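Heads up: the structure comes next, in structure tokens.
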Amino acid sequence: MGVFDSFRRKPEPEFGSTGHRGYYALHDNVDYDDWDARLGRLEAAVGMQERERLRWWQRAYWQGHRKRWWAVRIVGAITGLFIVLVAWLAITAPLSKSLEPIAAPQVTLLAADGTPIARNGAVTDEPVKVADLPPHVVEAFLAIEDRRFYDHWGVDPRGIARAAFTGTGGGSTITQQLAKFTFLTPERTLTRKAREAMIAFWLEAWLTKDEILERYLSNAYFGDNVYGLRAASLHYFYRQPEKLRPNQAAMLAGLLQAPSAYAPTKHYARAEKRMKLVVSSMVAAGFITEAEARVMKAPALDVRARNDLPTGTYFADWALPEAREAAAGGYARQTLTTTLDSRLQNIARRVTQRAPLGKAQVALVAMRPNGEVVAMIGGKDYEKSPFNRATQARRQPGSTFKLFVYLAALRAGWSPDDLISNMPITEGSYQPKNSRGQYSETLTLEDAFARSSNVAAVRLLQEVGSEKVIATARDLGVTSPLVKGDPSMALGTHTMTLMELTAAYAAVAANAYPVEPHAFARPEQGFFERLWDGPSSFSSSTHREMEQMLRAAINRGTGRAAILSGPNFGKTGTTQDNRDALFVGYADDLVVGVWVGNDDNSPLDGGISGGGLPARIWRDFMTAAQGAKGKPTPAAPDEYDDPGGPIEPLDVPDIGDIPLGDGNSRLRVRDGSAVFTTEIDGIPFEIELGNEGVVVDEATIEAARRRAEQEARRREEEVPPN
């Protein structure tokens, strides 16, 4: 009968007792304890069956359990949570991340001729190995940052208490600091501190103490945009960390609390005061004696690195993401050569600076037909406004967009000699007007393009179809949104960047599409690679007819102000109310786009149009560029007064009197020769390396030797006889 079996089961009668007659006597011989035990077992059995019918989310399910039941499940839940946290850390905070530099390493960008143009990123260097460092280097950091580093498990309550009472030593351990600047944000919240402690325990479980210390020293910030002990020791003392002296190590260890405030290049007195605190901590920790501390003087700096380059220019800001992808990973600093032509860049700066812009801004992009960007102006002054109007500003291209309309028509079978109506559009909701109200019964496509007829362009788009126009723009690399069925698209009402528009014209110049603008040279494709995955091209007739119309726009159309002595091709563009004025064209092997406008999209003063100022800027740039073609590359670019331009003077520091080693040896440049002076046993000598080979100043050495002998005899005479 299941749960009632225990109630019905009766004990065997004891020897000599009488059998039960079927009733209970009402006297003291009844066994009440046995009765209560049977009822208790019955209630437990019934309760167990009732609990089995309950679900875990019901309150009654959790009631009535014993302490052991609860303890087992709590321990299981904690274990499961720990496993989940470890798995979460393995995904969100991989150990390999602590081996990566926390700041992007420094990248120096050069022009194509080797002229440095910009330097961006942190100063980093290779990681250090604790086993290779002198003991006094490690001890200096442990004394001030985490004295019990080799004794705790990532979090040190005693260290926190000591820091609170004495004010020396960090409240966070080295492991916690590594967790903070490697995996976490600098926010000050209890949640972040909890995560920091948890990651610290995790790091301690998976890494050795030396590995943790190495990763900490290799990534810590030391001020002056310098990260890592190796980079810091080279920056401040021009020494590898394996050769640091005790006083130099103590000063570097003192920087970690507030690197910017204690950087000795800017705040030497603060750095010296902080260094003395580090030395006192080393004494308290038993690393050095009081006598050693008293003779430890503040070290002299030996800062040789100079950074006269800007951290950014219009071109450098655009090229930097590609540079980061091209640069090898790790801590090493990179020097990369770009496609920028320093001569053309200087020409672009000159012609835009002298243009009568008034309050308007200007942008210029020059590239080769293969997409190599050789010059870029993103505004009048980078220092005042680093916003790049060549690559970031999305403005209406105006009539320069007609390139896609007419090219789509040629691809669809139209000819430059075909006629199209040039009469006003009087039907429909969109009724554009021609500039100055000039209309005629018909025009050839070539004349309509050269005169930049608006009504003809809209009619041609409707004849060809907006789908084909959009497809042509996409083929030429335009990625900006273009609305199907919008007749105003023919007049360039959809926004795009000047870089995007210029690259499309480059595709026509090269007869190869699409053209991708790039800042670093790319290897040419081989025959089979071009055959399999090469660019597309127009038919020879389509390309010839498109160039015929582009040339007509300059020779006898709206772009006459841009005409050159040789073959040139281009198109003007002016948006409604003269808010944007553009000229884009090409000649020889240069494709150049020029934009003039106001940042607030207000109309330009004086009614500037694409056939005016932008066309003249384009002509001036192309004329100067063609004149500079074939000239020898100068050793260094000319200097200009404007500090905001993208090209800066050659960043080659003057080599003066450079101390070497312990200060007794020096290297200097004299009349084109390198001169090395030093002392050996108190005798100075000099070695010169120049055009005549190695020259040793024997006279100086002989004179020094005689002085040394005289000094030795003098000392012997002063010694009293025994």
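The values are calculated or read from the model by the stated rules, or taken from the named source; none is laboratory data. It should be emphasised that the depicted structure is a prediction, and the values quoted were computed from it without experimental measurement. Positions of Cβ are backbone-derived with ideal geometry, glycine not excepted, and every protein chain shown enters the neighbour counts. What goes into the accessible areas is simple: the full protein's heavy atoms, side chains included, and nothing from ligands, DNA or RNA. Shrake-Rupley method; radii C 1.70, N 1.55, O 1.52, S 1.80 Å.
Assorted remarks:
- Dividing the alpha-carbon radius of gyration of segment 452-605 by the rule-of-thumb value 2.2 N^0.38 Å gives 1.10.
- Per-residue extension of 0.36 nm, minus the Cα-Cα distance of residue 474 and residue 103, leaves a gain of 129.8 nm for this segment.
- For segment 360-427, the gyration tensor built on C-alpha atoms gives an oblate shape. Its axis ratio a/c (a ≥ b ≥ c) is at least 1.5, and a/b is not larger than b/c.
- On the principal axes of its alpha carbon atoms, segment 336-396 extends 33, 25, 22 Å, with the longest extent given first.
- Cross-link pairs exceeding 27 Å in C-alpha to C-alpha distance, out of 484/571; 380/571; 209/297; 193/273; 402/433, comprise 209/297; 193/273.
- Label-point gap, in nm, between residue 463 and residue 37 - each point 7 angstrom along Cα→Cβ: 11.2
- Area accessible to solvent at residue 565, 1.4 Å probe radius, in Å²: 130
- Summed residue charge, Cβ within 15 Å of residue 267's Cβ, Lys/Arg positive, Asp/Glu negative: +3
- FRET efficiency estimate (nearest 0.05) - Cβ-Cβ, residue 301 to residue 440, R0 51 angstrom: 0.05
- Rel. contact order, % - alpha carbon contacts under 8 angstrom, at least six apart, segment 518-622: 22
- Counting only Cβ charges, +1 for Lys and Arg and -1 for Asp and Glu, the dipole size of segment 312-469 around its Cα centre is about 800 debye.
- Coil-residue GluC sites (Glu not before Pro) of segment 413-498, DSSP, other Cβ within 10 Å capped at 10: 427
- Segments 355-367, 237-249, 395-407, 204-216 sorted - mean Cβ within 10 Å per residue, highest first: 395-407, 355-367, 237-249, 204-216
- At q = 0.24, 0.28 Å⁻¹ the log10 of I(q)/I(0) for segment 270-335 amounts to -1.07, -1.22, computed by Debye summation with a single uniform scatterer per C-alpha, solvent ignored.
- 14 Å beta-carbon shell around residue 430, net charge (K/R +1, D/E -1): 0
- Residue list for segment 111-148, given a label point 7 angstrom along the Cα-to-Cβ vector of residue 333 and an amide N cut-off under 14 Å: 116-126
- Whole-percent carbon and sulfur share, accessible surface of segment 318-410, 1.4 Å: 48
- Scaling the Cα radius of gyration of segment 433-518 by the globular reference 2.2 N^0.38 Å produces a ratio of 1.17.
- Per residue convex hull volume, Cα atoms of segment 177-316, in Å³: 159
- Rounded to the nearest 20 debye, the dipole size of segment 414-493 about its Cα centre is 320 debye, using +1 on the Cβ of Lys and Arg and -1 on the Cβ of Asp and Glu.
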